[in-house]
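The structure appears below as structure tokens.
Values quoted throughout were computed directly from the atomic coordinates according to the rules given, and no laboratory measurement underlies them. This structure is a prediction, so every number in the text was calculated from the model and none was measured. Note: ideal-geometry Cβ built from the backbone for every residue, glycine included; neighbour counts use all protein chains shown.
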Amino acid sequence: MISRYVKKSRSAIRSFLNNPLFYGKKKSTGRPRKVTSCDERNIIRVVSDSPKSLNNVRAELNLSVCKQNVHNTITRKHNEKSYEEKIPVGASRNSVLAQQQCGVELGP
């Protein structure tokens, strides 16, 4: 038996043999977002150029979502940026940026 040889259950072997491409992959659950990743990038680009109202952003990009979705996108992207790596106190900005780009620590 294959199951004894690979030390897996018979049902696991059977599900793999029935559909090997999707074995071990989780089904995406939940409702898909109305705002696509491309729309998110465009929203951030438009807002970063100059401050605009949420309705103006929707009109400019011709989005078919409510203004709350636009607001949530801006807030989500702002929170992602706040988690980026902070510059250590006492280090010059240029040396830290050089370390991040090269992936090498230059020392104190």
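Yes/no matrix, rows are residues, columns are (1) free of Cβ contacts under 8 Å to residues at least 12 places away in the same chain; (2) aromatic (Phe, Trp, Tyr); (3) surrounded by 10 or more Cβ atoms within 10 Å (Cβ to Cβ):
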site: ARG4; (1), (2), (3): yes, no, no
site: LYS7; (1), (2), (3): yes, no, no
site: SER11; (1), (2), (3): yes, no, no
site: TYR23; (1), (2), (3): yes, yes, yes
site: LYS26; (1), (2), (3): yes, no, no
site: ARG58; (1), (2), (3): no, no, yes
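Got a number for residues in the stretch 62-75 being within 17 Å of the chain's Cα centre (by Cα) and surrounded by fewer than 12 Cβ atoms within 10 Å (Cβ to Cβ)?
Counting residues in the stretch 62-75 that are within 17 Å of the chain's Cα centre (by Cα) and surrounded by fewer than 12 Cβ atoms within 10 Å (Cβ to Cβ) gives 1.
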